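For reference, the structure discussed in these notes is given below.
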Amino acid sequence: MRTITQYREDIASLMKEIGNIDAKCIAENRDLIDEEIDLRNEMMNKVEAINRQVESMERQEQITATLNKPGVPLTMPAPENSKGKGHGITIRDKDKFASFGEQMSAIMVAGSPGGSTDPRLRIQSAATGLGETVSSDGGFLVQTDFSNELLKQVFETGILASRCRKIQISGNSNGIKIPGVDETSRASTRSGGVLAYWKDEAAAKTASKPKFRMIELSLKKLIGLCYATDELLSDSTALEGYIKQAFIDEFGFQIDDAIINGTGAGMPLGVLNSGSLVSVGAEVGQAASTVIAENVINMYSRIFATSRPNAVWLINQNIEPQLFTMSLAVGTGGVPIYMPAGGLSGQPYGTLFGRPVIAIEQAATLGTVGDIMFGDFGNGYVLAEKGGIQSDMSIHVQFLYDESVFRFVLRVDGQPVRASALTPYKGGASYTQSHFIALATRS
């Protein structure tokens, strides 16, 4: 039996066809012909018949609700979206999947030759205006509550994504433009051209104005594939655990990698490829593939003073031996910087200048730019995403191996807030500052 939601969709479709006939007659400035009158009457008869079916089903639901849970609302409003407003369709709790794994199993069955399509899949697609069962028309969308939960876990799993400033893009937009101050130097003016000055009484005044730029984020597609065996597909609980973990981990990894290494072409612009990066040079005579105390001190001095409370150090794990043996010369001896007073018997402090040191896979290898970075992602990097994760599946790609493939698509973009490093009021153009600092290659 079809659901009430589907019957209501049929009524809406028939009424639209009737309206199209009327619109055609109005456009041609004529009356209805006999064939059109017969067709309208036929469709209105169908509408009346379907409506009687809906009324009967609603009556049954009302009686059941009264007997079991009196006073509990029978329906809940469908989630608002740009294409769903005004269609009069309500998605009820009974038309939803109980779990993410149950929905994935239903998608697998629908994609199999001769497989039936669960009505709940059609309902999810209908609310967005996408195709119901054809992958090329949009496939099956992850149910709204599952989609939001997946997206939340993706950003929470990512070490860097969770620290960035996030913007939600909604509606029909494919991107967003954010106005920002176009400022490269504070030596003569501030905020991109604003100037205040001291003047004698009645002296002439000099006009000034700020200069702005547009931070433009255009959504890019992050696509993930997940293979599942037929045995796993038969167990919706195991399927949910496997796919959610694999999908969340991989998307979290790729977003973090783009935040650091992204080229900006078909993917977010990463810190290391942006004009805002300040690269601190190696010390004179410094050996290749080393990190010394002077490097860390110079990096700390180049980040914006306002960013210090929020900034974190990011390192590749293969530089940790450099940190463990790092020291500052004091007289004829030295003081360890990263290791506690007890030496190797104690746990490392895990901080430099009081800020956390975090090892990430996306950092460059020892000796190259990006092996150690100091950055304020909360104020310095903006990440935009559009809610709703698209998913579809195929049983054909790995058919010989009894495996099915699930595909997930997330639309996201990001870039540093600043287009360039900043020349401070005092210090000169050779001592620029930024939200993001890296150590130059030592070779």
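Between the stretch 256-300 and the stretch 20-39, what is the C-alpha centre distance in whole Å?
69 Å
Mind scanning LYS16/LYS220; LYS166/LYS221; LYS16/LYS177; LYS24/LYS386; LYS177/LYS426 and naming the pairs with a C-alpha gap bigger than 26 Å?
Among LYS16/LYS220; LYS166/LYS221; LYS16/LYS177; LYS24/LYS386; LYS177/LYS426, the Cα-Cα distance tops 26 Å for LYS16/LYS220; LYS16/LYS177; LYS24/LYS386; LYS177/LYS426.
Above 16 Å lies some portion of the pair distances; for the stretch 1-69, what is it as a whole percent of all C-alpha pairs?
Taking all Cα-Cα pairs of the stretch 1-69, the fraction more than 16 Å apart is 57 percent.
Readers should treat all values here as calculations from the given coordinates under stated rules, not as data from a laboratory. On a predicted model such as this, the values are computed, not experimentally measured, just so you know.
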